[in-house]
């Protein structure tokens, strides 16, 4: 975990354009933005994927994401946005430290997503197994 670019930003080894910071969360502008205002929101806790993050850090992220989204929209003038979070290389995670992208949609600038929906098979049994795993 110490080798990630986000760990280096947290350690002060790499500068960033901070937009928010508290004891558990840091938010800063993406240096390779998809659109102006593209902001990264990371926990200070070192965790590779969301499922390994503590409840405390997850709650802190959830508490600030709406506020940060409102600020990004207000400053960029965008009225639509995506919040993106990837877990693992097969899910397109490139930096192995939990992070959320707030990506405003400004005209043609923004996140492009392909979606291939399928059909829900045996939803009741699957929902029951997931609920039991909690």
Study note, to complete from the structure: With Cα coordinates, the longest principal axis of the chain makes an angle with the long axis of helix 123-133, in degrees rounded to 10, of 60 degrees
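As a footprinting exposure proxy, order 103, 130 by other Cβ within 10 Å, with the fewest listed first. Walk me through the intermediate numbers first.
Numbers: 103 24, 130 9.
Fewest to most other Cβ atoms nearby, the residues stand as 130, 103.
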Point to revise | Taking the chain and dividing mean pair separation by its residue count, relative contact order in percent (alpha carbons under 8 Å, at least six apart) | key: 24 percent
Exercise for review: Pick out which of 39, 52, 76 has the largest mean-square fluctuation in a Gaussian network model of the chain, springs linking Cα atoms closer than 10 Å.
Suggested key: 52
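Would you calculate, for the chain, the mean residue ellipticity at 222 nm contributed by helices, counting each DSSP H stretch of 4 or more residues as -39,500 (n - 2.57) and dividing by all residues, to the nearest 500?
Numbers: 3 runs with 39 residues, N = 134.
Here the helix-only value at 222 nm equals -9000 deg cm²/dmol.
For the pair residue 85 and residue 132, what calculated FRET efficiency results from E = 1/(1 + (r/R0)^6), where r is the Cβ-Cβ distance and R0 = 25 Å, to the nearest 0.05? Each step should come with its number before you reach the end.
On the way: r = 25 Å, r/R0 = 1.00.
Rounded to the nearest 0.05, the efficiency is 0.50.
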Check your understanding: Given 10 Å bins starting at zero, what is the percent of C-alpha pairs of the range 61-134 in each, up to the one with the largest pair distance?
Key -> 15, 29, 36, 17, 3
Practice item. Quick one: among 55, 30, 122, which has the greatest mean-square fluctuation in a GNM of the chain with alpha-carbon springs under 10 angstrom? Key: 122
Review point. Taking the alpha-carbon set of the range 5-113, what are its Rg and Dmax in Å?
Key: 13.3, 37
Practice item. Return the whole-Å distance between the Cα centroid of the range 68-94 and the Cα centroid of the range 33-61. Key: 11 Å
Check your understanding: FRET efficiency for residue 120 and residue 23, Cβ-Cβ distance as r, R0 = 41 Å, nearest 0.05?
Key -> 0.50
Practice item. May I ask you to sort 9, 113, 102 by Cβ crowding, counting other Cβ atoms within 10 Å and putting the fewest first? Key: 113, 9, 102
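In the calculated pair distance distribution of the range 1-40, what percentage of Cα-Cα distances lie above 13 Å? Don't skip to the end; give the middle numbers.
Working: 425 of 780 pairs.
Looking at the range 1-40, the distances longer than 13 Å represent 54 percent of pairs.
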Check your understanding: Once both labels are modelled 7 Å past Cα along the beta-carbon direction, what's the residue 94-residue 49 spacing in nm?
Key -> 2.0 nm
Practice item. Using Cα pairs closer than 8 Å and at least 6 residues apart in sequence, work out the relative contact order for the range 1-56, in percent. Key: 26 percent
Exercise for review: Rounded to the nearest 10 degrees, what's the angle between the helix 55-76 long axis and the longest principal axis of the chain, both from Cα atoms, 0 to 90?
Suggested key: 60 degrees
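Sorted from fewest to most neighbouring beta carbons within 10 Å, what does the list 54, 116 look like? Before the final figure, lay out the partial values.
Values: 54 12, 116 4.
Sorted ascending by nearby Cβ count, the order is 116, 54.
Read the figures in this text as sums done on the coordinates, not as results from a lab. Predicted, not measured: the structure shown is a model, and the values here were computed from it. We place every Cβ from the backbone using ideal geometry, glycine too, and count neighbours over all the protein chains shown.
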